[in-house]
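Structure, as structure tokens:
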Amino acid sequence: MGVENLGNTICRLRRKKGVTQETLADFIGVTKASVSKWETGSTLPDIQVLPLLAVFFEVTVDELVGYVPMLSREQIRFHYQRLAGCFAARPFAEVKEEWEDMVRKYYSCYPFLLQMAVLLLNHLDRAGEGQEREEAYQTVFKLCDHILEDCRDARICRNAMAVKAVLHLMEGRADLALESLEQTGSGPDSLDGVADMEGSLWVMAYLAAGEKDKAGRAAQAGMYQSLMSLVNYGIYLLRARGEDKTYGELLLGRLDQVMATFDMAALHPNMAAIYEYQAALYLVEREMAGLGKLSGPAQEAVFARLERYLAACKQLFADGIKLHGDDFFDRMEECLEEMDLGTEGVRSADSVRNSVLEGLRSPLFACLEDQDRLQELGKAFRGEENQSYAENPESDKNL
């Protein structure tokens, strides 16, 4: 829909409202013949008339002329895939003209413009060499600059800077790529949840610049963060799809392998404790929902999880409730120290200890037949923690 279809729109809206051309003409202050010419497409209404038409039909001027400044996610995907198909089948210059028309039409739809920048970036190889390729490069740069100048969405702006960094890397300018990444506001080994692409670009830029030490540290930080995210999402997935026993067992098996491979109980005992505790709760809920009771093997599986939960908690206290690396993640403590709160825990030792013991008192564990064993686990934990405190009272400070 566009201005060329304005006459059809006026006719449709007039009929929908149930009024004559004469009535509309009287309201606008023109002749009936003028309205007739608009509707047949012989002429177009003056620009000053558009607000009056919009008021009369109770629509916006944008709706009247068929202008849609923002596209939905589905529409963006549709146009991206359509143009990607065109780039694959038709001459680059020809499709680029259509691409430019779309960009002009939706010049204020920044999610769309970002994807158009990515689209052209992904098809630069179709531009060949020489001037056509250089112009295509500059077109993407300019589009990203427009996004950065006018868009107020921080996520879109960060992605636009990342696109510029990719372009610089393609040009062999690692120095400019690093400058672009610095403008995203996150460091190369930041642990603030930076998107994988952005983290990877830091590593690629450092490697291209010959700075292998910085590249290694950034890569290790990204791997560490991805590992923690993997376990976290695994726990959520267990809660979401664990009712399917086959899938739940498959998920637990794979997560157990990840935990063992990276020795998570030693590397990040807090994450290990959370995982084992949630796994224990899951096993109880699943068995009770299916059978209404816990079988002997199921109960043993729950106790095994709780024992590993408490072992991880003990290790957490032994570490002074601090984040750290290990022999594999040997650069992580440098990265962790640079976080806002450093490596120190966000809760006091007393608070953590009380949470651990409270966890054992969950009503869900009331179905365990061997309650004495459950009580003994709690007593053993309290006893070891008291001994640990006597040997190292500094571990009980607010961390």
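Tabulated data
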quantity	calculated
Verdict on Lys96 being within 25 Å of Leu176 (Cα to Cα), in a helix (DSSP H, G or I) and of a type in the set (D, E, K, R)	no
Residue pairs meeting the criteria (Cβ under 6 Å; at least 6 apart or on separate chains; first touching a residue at least 24 places away in the same chain (Cβ under 8 Å), in the stretch 40-69; second assigned to a loop (DSSP other than H, G, I, E, B) and open to solvent by 60 Å² or more (accessible area, probe 1.4 Å))	Gly66/Met1
Entirely in the stretch 224-296, the helices (runs of 4 or more DSSP H) that have 1 or more residues that are open to solvent by 40 Å² or more (accessible area, probe 1.4 Å) and touching a Leu at 6+ places or on another chain (Cβ under 8 Å)	269-291
Residues of the stretch 8-48 satisfying the condition of being under 22 Å from Thr60 (Cβ atoms), open to solvent by 60 Å² or more (accessible area, probe 1.4 Å) and not in a helix (DSSP H, G or I)	Gly18, Gly29, Leu44, Asp46
Inter-residue pairs, beta-carbon under 8 Å, first among the small types (Gly, Ala, Ser) and in the stretch 229-240, second in a helix (DSSP H, G or I) and open to solvent by 50 Å² or more (accessible area, probe 1.4 Å), 6+ apart	Gly234/Arg254
Any chance Glu369 is under 24 Å from Met228 (Cα atoms) and either among the polar types (S, T, N, Q) or surrounded by fewer than 17 Cβ atoms within 10 Å (Cβ to Cβ) (or both)	no
Qualifying residue in the stretch 62-79 (condition: closer than 30 Å to Leu124 by Cα, in a helix (DSSP H, G or I) and open to solvent by less than 70 Å² (accessible area, probe 1.4 Å))	yes
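Results for (1) closer than 21 Å to Gln375 by Cα; (2) in contact (Cβ under 8 Å) with a residue 60 or more places away in the chain, shown as yes or no for each residue.
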position: Gly253; (1), (2): no, no
position: Val258; (1), (2): no, no
position: Phe262; (1), (2): no, yes
position: Ala265; (1), (2): no, no
position: Ala272; (1), (2): no, no
position: Leu283; (1), (2): yes, no
position: Pro297; (1), (2): yes, no
position: Glu307; (1), (2): yes, yes
position: Phe329; (1), (2): no, yes
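Yes/no per residue for (1) within 19 Å of Ala84 (Cα to Cα); (2) open to solvent by less than 40 Å² (accessible area, probe 1.4 Å); (3) at pLDDT 90 or above:
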residue: Gln115; (1), (2), (3): yes, no, yes
residue: Leu119; (1), (2), (3): yes, yes, yes
residue: His123; (1), (2), (3): yes, yes, yes
residue: Ala136; (1), (2), (3): yes, yes, yes
residue: Lys142; (1), (2), (3): no, no, yes
residue: Ile147; (1), (2), (3): no, yes, yes
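The values are calculated or read from the model by the stated rules, or taken from the named source; none is laboratory data. Here the structure is a predicted model, which is why all the values come from computation and not from measurement. Cβ sites come from the backbone with ideal geometry, for glycine too, and all protein chains shown count toward neighbours. For accessibility, only protein heavy atoms count, side chains too; no ligands or nucleic acids. Shrake-Rupley method; radii C 1.70, N 1.55, O 1.52, S 1.80 Å.
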